[in-house]
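> Structure below; questions to follow.
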Amino acid sequence: MAEEAHSLAIDPVVQEALHKANLTERDLSAVAVTIGPGLSLCLRVGVQKARKIAGQFNLPIVGVHHMEAHALVARLIEQDLRFPFLALLISGGHNLLVLAHNLGQYTQLGTTIDDAIGEAFDKTAKWLGLDMRRSGGPAVEKLALEGDAESVKFSTPMKQHKDCNFSYAGLKTQVRLAIESKNIDFRIPISSTSCQDRKSRANIAASFQVVSGGVASNKYVRARLDRAVKNNSLQLVCPPPSLCTDNGVMVAWTGIEHFCVGRFDPPPPADDPEDFMYDLRPRWPLGEEFAEGRSEAR
Ligand code: ATP
Ligand code: FE
């Protein structure tokens, strides 16, 4: 289903992006495309499209790491942000604290030992009967504004650990138990519940946010990070929410960064041969050199 959704979306999305930018393919100087990490079926849809455009218009290709793109978009909005810097990447599938030394050079200081924080947000949203059409995080953040953050006591994950790792599976269980103890029925959407039930749900949302912070678009986590950097005379760079959740701009920008230092592949042939080996990297830890020979055949 994911592959089909990507295949249906890719042409109109590229057309719309070019149209909105008032450009045609002939105006481009290169094509940047995410090659990993992620579902290979979906990555392949993007890579095929990128190679098609690049082949047709004789453009070089830059293969991009999705999480590096999340990190580097900060350099688009803050031109003075120089290496090295510390990046906190909190998204749907990742929870990383990394030291960014240079383009393509990262040291992972911490990661999640179980779930990523976005997963905890999305599950919490589902159990609270929130509208999940976009994603769970923004819905939890909105409902939390109506609640009392002190009302439900959740314990802070990993508080006793002195390393930089994260863990959210236990918090998820705490949220589920709190929801069960309040007899909240997640099959009843929040729009159809009583006032009192709505208040209980908001209290859980607010208390959950306090412990877990939130994903990078979340205002609460931004405020807390802001305080942490001020206490240490550091500078905080937070891209706007539209550049935090997945977006094409961050991939294009990372492409530009690599392109400018000469890291790109030459234009592909106008028609890829049937047995062409795509350079897809479904599992690709940030900062790790990619071992040759793992590319996937079409
Ligand atoms: P990854 O980058 O790890 O591969 P992804 O690409 O699937 O994950 P992103 O678009 O990077 O996902 O992030 C989506 C996640 O961000 C979802 O879990 C969503 O609930 C969460 N999120 C979005 N906005 C907010 C917010 N305001 N508060 C909290 N969480 C949010
Ligand atoms: Fe992402």
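All of the numbers you see were taken from the coordinates with simple rules; none came from a lab. Note that this is a predicted model, so its numbers are computed, not measured. Counting neighbours? That spans all protein chains shown, and the Cβs are built from the backbone with ideal geometry, glycine included.
> Can you give me the relative contact order of the chain as a percent, contacts being Cα pairs under 8 Å and 6 or more apart?
Computed over the chain, the figure is 25 percent.
> Now a separate question. Report the label-to-label distance for residue 256 and residue 78 in nanometres (one decimal), using points 7 Å from each Cα along the Cα→Cβ vector.
1.8
> Given the pairs 142/219; 159/182; 162/219; 153/199, which are separated by over 19 angstrom at their Cα positions?
159/182; 162/219
> Shifting gears a bit: How long is the range 1-87 along each principal axis, judged by its Cα atoms, biggest number first, in Å?
38, 31, 22
> Show me the GluC sites (Glu not before Pro) within the range 114-162 that DSSP assigns to loop and that have at most 12 other Cβ atoms within 10 Å of their Cβ.
The qualifying sites are 150.
> With springs only between Cα atoms under 10 Å apart, run a GNM on the chain and tell me which of 261, 62, 98 wobbles the most.
261
> Rounded to the nearest 20 debye, what is the charge dipole size of the chain about its Cα centre when +1 sits on each Lys and Arg Cβ and -1 on each Asp and Glu Cβ?
Roughly 1180 debye for the chain.
> Continuing with the same structure: Would you work out which of 191, 143, 129 lies farthest towards the positive end of the dipole of the range 115-231? Charges go on Cβ: Lys and Arg +1, Asp and Glu -1.
Final value for the positive-end residue is 143.
> Here is a follow-up. Out of the DSSP beta bridges found with both residues in the chain, what percent are antiparallel (nearest 5)?
Roughly 70 percent of the DSSP beta bridges within the chain come out antiparallel.
> So, one more: Rank the residues 122, 275 as a footprinting-exposure proxy: fewest other Cβ atoms within 10 Å of their Cβ go first.
Lowest to highest Cβ neighbour count: 275, 122.
> Further question: Cα convex hull of the range 115-231: mean projected area in nm², to one decimal?
Hull-based average projected area comes out at 7.4 nm².
> Normalise the Debye intensity by I(0) for the chain, one equal point scatterer per Cα, no solvent, then take log10 at q = 0.10, 0.12 Å⁻¹ and round to two decimals.
Each listed q corresponds, in turn, to -0.64, -0.88.
> Extent of the range 99-174 along each principal axis, from alpha carbon coordinates, in Å, largest to smallest?
Reported extents, whole Å, longest axis first: 41, 31, 20.
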